[in-house]
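What follows is a set of notes on a single structure, which appears directly below.
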Amino acid sequence: TKNRNSFTNKSNPNPHDLYAKSKLEAEQKLLEISNSTNLEVVIIRPPLVYGPEVGANFLSLIKLVDFGIPLPFMNIKNKRSIIYVGNLVDFISSCIENISAKNKIFLVSDIKNISTPDLIRLIYKNFKKRPRLYKFPVILLKIISYLTFTRSRLSRLLESLEIDPTETYEEMMWTPPFTTNEGLADTIDWFIKKNKK
């Protein structure tokens, strides 16, 4: 279920760091060029992308589950939007084929948002392992992350970041062909095969 604070295609962007600001500036420049030339532009704003070859924090989470380390994240009450790379590629293909995508901005994600504990449970499920999640006060997690200079990394596990792609689905007459669990199954299969080499 999407909440009223979800980002939509019509939400005003409010980038907080230099990386996000540079992406917004690039979008604006491309739209300016499009307005004065015949260049067709489609802007796609995905959330976290996962799938084979995933890296960064998502890969770290997979490794923690694989190592069998008990994870103190059961108390986290958040919702995050993510997108499987297979869904993103399918949407890009749709934009190429569908003339109504011209000069539009789209937010796109998997059908359902997911909490950090539920994401971890699905990762365990695809490893065919019993979940090893336990309760730990979120405030203590925040204090520990502050003291160990890992606050920015932990915030991605603790905080909510939801987008509402309903307008995208309707305008493009498109639905993600893969579920989050199917995407995670592909991701974990890649990880297992990679680590057997």
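Report in % the part of the accessible area of the chain that belongs to carbon and sulfur, leaving out ligands and nucleic acids; probe 1.4 Å.
57
Any chance you could check the Cα centroid distance between the stretch 136-195 and the stretch 1-70 for me, in angstrom?
With the stretch 136-195 and the stretch 1-70 each reduced to a Cα centre, they are spaced 12 Å.
If you average the sequence gap of Cα pairs under 8 Å that are 6 or more apart and divide by the length of the chain, what percent do you get for the contact order?
So the answer I get is 34 percent.
In Å², and per residue, what accessible area does the stretch 64-177 have when probed at 1.4 Å with the other protein chains present?
Working: 6550 Å² over 114 residues.
Ligands and nucleic acids excluded, the result is 57 Å² per residue.
What ratio of Cα Rg to 2.2 N^0.38 Å holds for the stretch 21-99?
1.56
Sequence neighbours fewer than 8 away in the same chain don't count; with that in mind, list the lysines whose C-alpha is under 29 Å from LYS194.
Counting by Cα, and skipping residues close in sequence, LYS194 has these lysines nearby: LYS63, LYS112, LYS125, LYS128, LYS129.
Treat every Asp and Glu Cβ in the chain as -1 and every Lys and Arg Cβ as +1, leave all other atoms uncharged, and give the resulting dipole magnitude about the Cα centre to the nearest 20 debye.
Here the chain has a charge dipole of around 1260 debye.
Quick check on the chain: helices-only [θ] at 222 nm, where DSSP H runs of length 4 and up contribute -39,500 (n - 2.57) each and the sum goes over total residues. Nearest 500, please.
So the helix-based figure for the chain works out to -15500 deg cm²/dmol.
Could you work out, for the stretch 101-197, what percent of all Cα-Cα pairs fall into each 5 Å distance bin, beginning at 0 Å and stopping at the bin that holds the largest distance?
For the stretch 101-197, the pair-distance distribution reads 2, 10, 14, 15, 16, 16, 14, 7, 4, 1.
When ranked by the protection proxy of mean other Cβ atoms within 10 Å per residue, highest first, what sequence do the peptides 23-36, 113-126 form? Please report the intermediate quantities before stating the final value.
Details: 23-36: 12.2, 113-126: 19.4.
Peptide ranking by packing, descending: 113-126, 23-36.
Give me the Å³ per residue figure for the convex hull around the C-alpha atoms of the chain.
Numbers: hull volume 28.6 nm³, N = 197.
Per residue, the Cα convex hull of the chain comes to 145 Å³.
LYS102: which lysines have alpha carbons under 26 Å from its alpha carbon, excluding same-chain residues fewer than 8 sequence positions away?
Within the straight-line cut-off, LYS102 pairs with LYS10, LYS21, LYS23, LYS29.
So, taking all protein chains as they sit and a 1.4 Å probe, how much accessible area belongs to TYR19, in Å² rounded to tens?
150
The values are calculated or read from the model by the stated rules, or taken from the named source; none is laboratory data. Here the structure is a predicted model, which means the values were calculated and not measured. Glycine gets a Cβ as well: all are built from the backbone with ideal geometry, and neighbour counts include every protein chain shown. Side chains are part of the model used for accessible areas, which takes the heavy atoms of the whole protein and leaves out ligands, DNA and RNA. Shrake-Rupley method; radii C 1.70, N 1.55, O 1.52, S 1.80 Å.
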